[in-house]
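Here's the structure we're looking at; comments come further down.
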Amino acid sequence: VEFAAVSESADRKPIKVAVVLSGGQAPGGHNVIAGIFDGVKAWHSDSQMIGFLDGPHGIFTGNFVVITAEIMDGFRNTGGFDMLGSGRHKIESEEQFQDSMAVCNAIGLDGLVVIGGDDSNTNGALLAEYFKAHGCKTKVCGAPKTIDGDLKCPPYLPISFGFDTACKTYATLVGNVAVDALSAQKYYHIVRLMGRSASNIALEVALLTRPNACLLGEEVARDKKSLKDITTDLADMIEQRSNAGRDYGVIILPEGLIEFIPEFNQLMSELNDKLATPGVEATEESVTAALSPENASVFKYLPDFIRAQLLLDRDPHGNVQVAKIETEKLLAATVTLELERRRAAGTYKGSFSAQFHAYGYEGRAGLPTIFDASYCYALGATAAALLANGLTGYIASVKNLLAPASEWQCGGVPITSLCVLERRKGKDKPVIRKALVELEGPMSQPYVAYSKMRDQLRMEDVYNVTGPIQYDMEGCKVSTDIPVTLQLELGQPPKPLVVSGKAQRMGDFIYAPQSLESLSELQQWRCARSHQVPKALGEKSITAVEAHRVSATMCAEHDMPYVRKFFTTVEAPLVELKATDCKGAVPADQRIAVVFSGRSAPGCHDLLCGLVDALRSSPGSKVLGVVGGTAGLFEKQTVELTPELLKAYAGTGGLELLGRTVGRLYTEQELESARKACDELGLTGLVLVGGTRTNTDTAYVAEHFKRKGSKVSVIGVPCGIEGKMVNEFVEAALGFDSACKAVAQLVGNTAIDGSSARKYYYFMRLMDGASSGGRVSTSHLALEVALQTKPNMLLLTEEVDDKRLSLRELVKEVADMVVSR
């Protein structure tokens, strides 16, 4: 069905339409409801809209609320399904169909919109058929919802809503860990992404971020790759990268990958059938006895934790919950064994250390992207128009998505035209066909585009850092981007890879400066912005600043005798910088080196920009970046930092330009090695950037240099996402704000997911500050995130320590909260 504009009719009558949210959450669902609401009101101002609560269960139990303009306005452009709640109930039994029809008749519904995925819309079609067969006036239509991207039928259903937001949320996280990999150069980050059976999310995120490897379930199935084949391929890549000095990387895999590995596919298919059989319990002993000898052998071969995960409660369709299978840890275990075999054979000499990430719920309920917000509203308005025109059994269709929203084309597709037979709980049932990644044919452009760059990505680091989702439609062009896979499917050519200059090995670190052209569009946009600076530094010139000594300082009086053993000066004054018009002699020929030590933190590259800009006023002066942290300082591994070099790093995260270490400058040998290196480099100043340990070391380095007669000035910069550098004199540490806001976004998304599904408690463990300098680790980041997101409970290490709480007491606190809620 397609729509055509007509003149408004005067004989339109008010209609009463209901909406239900079914299945898992997807960003933009509230805008679908807004589109329906505005659509029925545009049809007739007296039209009414109701919302069934907590999913399909609300339909056959008659649990609903009238949606008013005031209620609707509170949820426009927001994420999650918390307006009405969602559920995974199905209307399956004759009694449920009868009750649903009775409720709709009692309310006097003219139409019902089912917002859901393939199963929910199939259920909606069955409901439409039942209502029609029994003379019920309620028409039923659907809206295509799923972040998995497996509900589409181009060109009529080009994409499901929520896919874009979820993928961009995951791409932000993958981009972050990619920069972390480049900064530390010692970890392989293995990322498992939500998506059920299909690999659509994994492919989209791979196209957005360009990891070193992305496994696709559909490709594994086509090539009949065994677990050994996948392991060998990954081990080959890791060995080849290690030979090139790269013992780090990023690997993406879809949560449904395990279903496509032949031996697992057969095992899980039989497991699903056996566990649906009366008498077969979800225990290893019971299942092993019931399985065929071949599948029982595969089951017993698996690690304990994978066997346990395969026996967890089934999903509503009776299938294994692939989201709970830690495939990334399985692959890391098999890869480790293979690499150790090669090490014993003498072919592999590198290091393989894995960091695991599983991203799922964080992407289901975030604020929708500009595309999803607009697309969802159009879907809702389309569904309202379908019902107002008396159509039933259709799913809303919005296409021509490369064009501006004003040129999108709306209509409807019969749901039955999308159905195939699928095995569910041991029986064949009609369901909408899942759209998996197409490896060949008219819709294979995304896969083809990735295949062409795959070999290059294995060996080179061409990561694309997409950054956080943007909402400034006028100022930031990328805010209106549609999904890459959709662009490619609609005929857009893929963007070419831009590789930076040749990489150079400096000690244990690979120095590979980026060019501006190699950055993502968002990074380039951020690089172009101007830095805001305090008034005292407004001229960005050291000649326009005066240092004023103010009040004296001292450490705790009872510690003074002991501290004097290490430092000659313990009562140095505070210093304040003020702008001055009295331009004195300009200090020339300054050589200042910067060393990063400790964890990465957002904003370190901007620190370099500020330092270089300030020294431009000093004739003959240079800023040297020490490559590879404190180890690089000992080896005098430096590069000159220039405005041209830093142009591609302003506003970017991580420490990929210079790298970092967690080395100390504390022992006499270390301090003397640092002094000799500074003297040989001809330095006049040394800047050490890091947390409490690094800044403590700064004091020891300065004291050692002073005692040895070195004229190198030593300055520390408070840096650390943990926030533990805050004290009477330091209001904030570099990176704390960015880290808190990045984490708060994920906590907020997860909180909305919880208030939408209304059946889970989410336990989230956040990075903290190490216990150096104190008895316990710090919880500043957790506290800041809690203040921003307001969770139901926050556990602080300091509070636990102060109250001396036992594990039993902690458990009781959590349990009491759960019971009271």
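Worth pointing out:
- Assigned charges on the beta-carbon of Lys, Arg, Asp, Glu; the chain dipole about Cα centre (debye): 1000
- Area of Tyr361 that stays accessible when all protein chains are in place (1.4 Å probe, Å², to 10): 80
- 3J(HN,Hα) from dihedral phi, the range 692-700, Karplus parametrisation 6.51/-1.76/1.60, rounded to Hz, x for glycine, proline: 5, 5, 4, 6, 5, 4, 4, 5, 5
- Set of lysines near Lys477 by C-alpha distance (under 25 Å), chain-local residues within fewer than 8 positions excluded: Lys168, Lys399, Lys495, Lys647, Lys741
- Per residue solvent-accessible surface (Å²) - the range 446-529, probe of 1.4 Å: 54
- Other residues whose C-beta falls under 13 angstrom from the C-beta of Pro14 contribute a net charge of +1, scoring Lys and Arg +1 and Asp and Glu -1.
- P(r) histogram, all alpha-carbon pairs of the range 54-135 included - 10 Å bins from 0, percent: 16, 49, 29, 7
- In the chain, the alpha-carbon atoms span a convex hull of 202 Å³ per residue.
- These residues, Glu338, Glu809, go from largest to smallest accessible area, 1.4 Å probe, as Glu809, Glu338.
- Cross-link partners of Lys427 among lysines, defined as those whose alpha carbon lies under 21 angstrom from its own and excluding same-chain residues fewer than eight positions apart: Lys90, Lys274.
- Neighbour cut-off at most 13 other Cβ (10 Å), DSSP loop, GluC sites (Glu not before Pro), the range 241-320: Glu281
- Helix axis angle, 736-757 relative to the chain longest principal axis, alpha carbon, degrees: 20
- For the range 325-365, the spread of Cα positions along the three principal axes, ordered from largest to smallest, is 49, 17, 9 Å.
- Beta bridge orientation in the chain: antiparallel %, DSSP, nearest 5: 40
- Amide proton proximity set for Gly195, modelled H, under 5 Å, gap of 5+: Glu255
- Relative frequency of Cα-Cα separations exceeding 26 Å in the range 1-156, percent: 25
- Sparsely packed loop sites in the range 164-237 (the trypsin sites (Lys or Arg not before Pro) outside DSSP H, G, I, E and B with at most 16 other Cβ atoms within 10 Å) comprise Lys186, Lys224.
- Neighbour cut-off at most 13 other Cβ (10 Å), DSSP loop, trypsin sites (Lys or Arg not before Pro), the range 653-756: Lys708, Lys711
- The ratio of the alpha-carbon radius of gyration of the range 282-397 to the globular-protein estimate 2.2 N^0.38 Å is 1.75.
- Close amide H partners of Lys622, meaning residues 5 or more places away or on another chain with modelled amide H under 5 Å apart, are Gln590, Arg591, Ile592.
- Note on the range 357-461: Kirkwood radius taken over Cα pairs, Stokes-Einstein applied at 4 °C and 1.567 mPa s, translational D equal to 73 µm² s⁻¹.
- Across the protein chains, with a 1.4 Å probe defining accessible surface, the residues Lys427, Lys622 rank Lys427, Lys622 from largest area downward.
- Heavy-atom accessible surface of the range 79-121, averaged per residue, reaches 31 Å², computed with a 1.4 Å probe.
- Per-residue HN-Hα couplings for the range 31-40 [Karplus 6.51, -1.76, 1.60; θ = phi - 60°; Hz; x = Gly/Pro]: 6, 4, 4, 4, x, 5, 4, 5, x, 6
- The range 1-46 versus the range 64-116: alpha-carbon centroid distance in Å: 13
- Among the protein heavy atoms of the chain, carbon and sulfur supply 53% of the accessible surface, probe 1.4 Å, non-protein parts ignored.
- A Cα-only calculation for the range 610-759 places Rg and Dmax at 19.0, 67 Å.
- For Ala18, the residues whose modelled amide H falls within less than 5 Å of its own, excluding neighbours fewer than 5 places apart on the same chain, are Ile50, Gly111, Leu112, Val113.
- A 1.4 Å probe run over the range 718-821, with the rest of the protein chains in place, finds 63 Å² accessible per residue.
- Inter-part distance, the range 201-235 to the range 256-281, computed on C-alpha centroids, equals 22 Å.
- Separation of the range 629-679 from the range 480-558 is 17 Å, based on Cα centroids.
- Helix-only arithmetic for the chain: the sum of -39500 (n - 2.57) across DSSP H runs with n ≥ 4, divided by the residue total, places the mean residue ellipticity at 222 nm at -12000 deg cm²/dmol.
- Charge tally in the Cβ shell below 9 Å around Pro158, where Lys, Arg are +1 and Asp, Glu are -1, Pro158 excluded: +1
- The chain: angle of helix 668-681 to the longest principal axis, Cα-based, in degrees nearest 10: 80
- For the chain, the longest principal axis of the Cα atoms and the long axis of helix 262-275 meet at an angle of about 50 degrees.
- The range 152-288 - share of DSSP beta bridges that are antiparallel (%, nearest 5): 10
- Here the Karplus curve 6.51 cos²θ - 1.76 cosθ + 1.60, taken at θ = phi - 60°, turns the phi angles of the range 405-412 into couplings of 4, 5, 10, 5, 10, 10, x, x Hz, with x standing for Gly and Pro.
- Accessible heavy-atom area order of Phe37, Phe352, highest first, probe of 1.4 Å: Phe352, Phe37
- Links that overshoot a 18 Å alpha carbon limit, given the list Lys16/Lys139; Lys228/Lys452; Lys145/Lys759; Lys13/Lys137; Lys565/Lys708; Lys228/Lys434: Lys228/Lys452; Lys145/Lys759; Lys228/Lys434
- Cβ-based net charge around Val65, under 14 Å, with every Lys or Arg adding one and every Asp or Glu removing one: -2
The values are calculated or read from the model by the stated rules, or taken from the named source; none is laboratory data. Since the model is a prediction, treat every value here as computed from it, not as a measurement. Cβ: placed from backbone, ideal geometry, glycine included. Neighbour counts: every protein chain shown. Please note that ligands, DNA and RNA were not included when accessible areas were found on the heavy atoms of the full protein model with its side chains. Shrake-Rupley method; radii C 1.70, N 1.55, O 1.52, S 1.80 Å.
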